[in-house]
Amino acid sequence: MNEHRPDRIDDRDGRNARLTKNAISWWTISARTSHWWAKSTPGAMTAIALNLVGPGPVEISETEPAAAISDLIGDPFVNRINHQYRVAFWVGDNSIARRPIYAWATKFLHQLLVDIRDGNYVASNTERAHARALLLDSSELPVIHGSCLITGIADDADTPAPLSENFQAWFTSLLDDLARLRDSLADAIAHESDIPLD
């Protein structure tokens, strides 16, 4: 526990890695996620798990990713949600029927689409047009049921691959923005409640 910020739990390296239940946001508090993208174990690649405790890096096999994806999302059968050429959201085949919409994972996907549309994510004109069309009608926006895993996509567009530097930069920037917003909200609440900021 961090004695100066009781809403934070320090990881082994002393960085504020995640928020406790008392925190305002479910996002990671770390202003830096670059350690997420450190070189993976030989034969593995870093993916992002979106589950009930928030987003986090996980390593999966580069040569046999299907079994790891299935284990991580809790379903022997998986489906791919793919609205950008090089990014895939892997979800359970049974999730649509058995699990409710996962609100913040869905919001994460929608933010990616918004940033593709608005030019805040490097993408092709085709990808921007696709995102723009999806975002025109909120009733047609894609949703995520249950846990999911985010990976890159190999050139053959069929198999998981490491996440691109483009995605890594966007994701790190998104978390940094959310951490700053979370901190400013916490400071505003502390100020309004006359709680000492130290």
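The values are calculated or read from the model by the stated rules, or taken from the named source; none is laboratory data. Predicted model, so just to flag it, every value in this text is computed and none were measured. Heads up, the Cβs are rebuilt from the backbone with ideal geometry, glycines too, and the neighbour counts pull from every protein chain shown.
The table below gives the values:
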| read-out | value |
| --- | --- |
| Every residue from the range 131-160 that is surrounded by fewer than 20 Cβ atoms within 10 Å (Cβ to Cβ) and in a loop (DSSP other than H, G, I, E, B) | Asp137, Leu141, Pro142, Val143, Ala154, Asp155, Asp156, Ala157, Asp158, Thr159 |
| Residues within the range 91-142 that are touching a residue at least 24 places away in the same chain (Cβ under 8 Å) and of a type in the set (Asp, Glu), tallied | 2 |
| Any chance Ile116 is in a strand (DSSP E or B), in contact with a helix residue (DSSP H, G or I) (Cβ under 8 Å, 6 or more places away or on another chain) and either at pLDDT below 90 or in the same structural domain as Leu149 (by TED's automatic domain parsing) (or both) | no |
| Unmet requirement for Gln84, which otherwise passes all of (1) at pLDDT 90 or above; (2) buried (at least 19 other Cβ atoms within 10 Å of the Cβ) | (1) |
| Checklist (1) in contact (Cβ under 8 Å) with a residue 40 or more places away in the chain; (2) closer than 20 Å to Phe167 by Cβ; (3) of a type in the set (Ser, Thr, Tyr) applied to Ser61, failing item | (1) |
| Qualifying positions in the range 67-79 - without any contact (Cβ under 8 Å) to a residue 24 or more places away in the chain and surrounded by 15 or more Cβ atoms within 10 Å (Cβ to Cβ) | Ala68, Ser70, Val78, Asn79 |
| Residue within the range 156-179 that is over 16 Å from Ile81 (Cβ atoms), over 21 Å from the mean Cα position of the chain (by Cα) and at pLDDT below 85 present | yes |
| Single unsatisfied condition, Gly92 versus (1) loosely packed, with under 15 Cβ neighbours inside 10 Å; (2) modelled with pLDDT of 85 or more; (3) not aliphatic (A, V, I, L, M) | (1) |
| Search result, residues across the range 96-108 that are more than 17 Å from Ser173 (Cβ to Cβ) and assigned to a helix (DSSP H, G or I) | Ile96, Ala97, Arg98, Ala103, Trp104, Ala105, Thr106 |
| Residue check, Thr41 hydroxyl-bearing (Ser, Thr, Tyr), out of contact with any Lys or Arg (no Cβ under 7 Å at 6 or more places or on another chain), modelled with pLDDT under 85 and under 20 Å from Gln168 (Cβ atoms) | yes |
